[in-house]
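One structure is given here, and the rest of the page talks about it.
None of the figures in this text is laboratory data; all of them are computed from the coordinates on show. It should be emphasised that the depicted structure is a prediction, and the values quoted were computed from it without experimental measurement. As a convention, Cβ positions derive from the backbone with ideal geometry for all residues, glycine included, and neighbour counts pool all protein chains shown.
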Amino acid sequence: MDAVILAMLAKYQCQTEDEFENALKQIMQQIALLGLWRSKFYEHAAFYGGTALRILYGLNRFSEDLDFSLLYADPLFSLTPYLSAIQEELTAFGFSVEITLKKKNIDTAIHSAFLKSNTQQHLISVNAPPAIKEAIHARKVMTIKLEVDTNPPLGFTTQTRPLLNPIPFWVKSYSLSDQFSGKLSACLCRQWKNKVKGRDWYDFLWFLQQGVKFNRAFLETRLREFGFYVDEDPLSMAVLKKLLISKIESLNIEWAKEDINKFIKDPSEIDAWSKSLFLAAVDMLAAND
């Protein structure tokens, strides 16, 4: 394995199987971002979502997916050449990865691909402790999903952020205010059933901790495109808070905790989670207009 990758891995101070696997996935994600930069992908798209927040802004939770939005609608967009660039970059750093484009069974603007690699093979390559390597099934696969929205809600702004590892390069992402708007729309529009996304609510609190103000116009655009907000009047703060309060009142806190526990190292971070906490947090919301 490349010495740069070993140095990156050492910073994680991994002790358990899950820690080693998550660290390797995070390193692979950064290499994938590097491959996209080399292929000029960020001239056409911006990075957003949980992984963008972790890699670029310091969100303290693991996120598996790489989510992107085109800067403008393009029904003819092809992900294929960029996947080749990712493959070349990962191979150059010593990762053996299979990348496949997901075949679409329905007409959708979301283009998806999966990066798959053998977990045990990579643990051997990075000299993981014998007990860790032996605990992994020989056929266990690490998977990273990459998605691109080719017909996104528009009206967002972008920032270009530097990454220094595995080499210095640049990544274009949604601005933090628009990332927050996207997260608020996820909190409101996501259909739960029995799979509450505690990650959404963890991120919601994180934005407030950072003092980030959301972009009300972009949030309204997203909610209207998703068919969630259909009133003729513009989305007011009072209406938004009412919608969030209604969602929180139906939130199953224990299910939300169960979801986020898989993505954080310290479970005590969420000891105080309750409906009362989230309702109080809603009062702290501020827009940047």
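General observations
- Based on Cα contacts under 8 Å between residues 6+ apart, the stretch 129-245 shows a relative contact order of 25 percent.
- Cα gyration tensor shape of the stretch 142-268, rounded if a/c is under 1.5, else prolate or oblate by comparing a/b with b/c: oblate
- Within straight-line reach of residue 195, meaning a Cα separation under 15 Å, sit the following aspartates and glutamates at least 8 residues removed in sequence or on another chain: 254, 258, 259.
- Note on the chain: with a GNM built from Cα contacts shorter than 10 Å, the maximum mean-square fluctuation among 246, 185, 69 falls on 246.
- The chain: angle of helix 198-209 to the longest principal axis, Cα-based, in degrees nearest 10: 70
- Counted charge near residue 268, where neighbours are those whose Cβ lies closer than 15 Å (Asp, Glu -1; Lys, Arg +1): 0
- Per DSSP, loop chymotrypsin sites (Phe, Trp or Tyr not before Pro) in the stretch 203-233 with at most 16 further Cβ within 10 Å: 226, 228
- Cα gyration tensor shape for the stretch 3-174, rounded if a/c is under 1.5, else prolate or oblate: prolate
- Principal-axis tilt of helix 17-38 within the chain, Cα atoms, nearest 10 degrees: 80
- Given +1 at the Cβ of Lys and Arg, -1 at the Cβ of Asp and Glu and no other charges, the dipole of the stretch 1-94 around its Cα centre is 280 debye to the nearest 20.
- Taking every lysine pair in the stretch 3-174 that is 8 or more places apart or spans two chains, those with Cα atoms closer than 12 Å amount to 6.
- Here the stretch 71-115 and the stretch 9-25 have alpha carbon centers that stand 25 Å from each other.
- Relative to the dominant Cα principal axis of the chain, helix 216-225 is inclined by about 80°.
- Where only DSSP H runs of four or more residues are counted, the chain gives -13500 deg cm²/dmol as its mean residue ellipticity at 222 nm, each run worth -39500 (n - 2.57).
- Inter-label distance for residue 110 and residue 10, nm, one decimal - labels placed 7 Å from Cα along Cα-to-Cβ: 4.0
- Relative contact order for the stretch 177-282, counting Cα pairs under 8 Å that sit 6 or more residues apart, in percent: 37
- Relative contact order, percent, the stretch 3-174 [alpha-carbon distance under 8 Å, six or more residues apart]: 28
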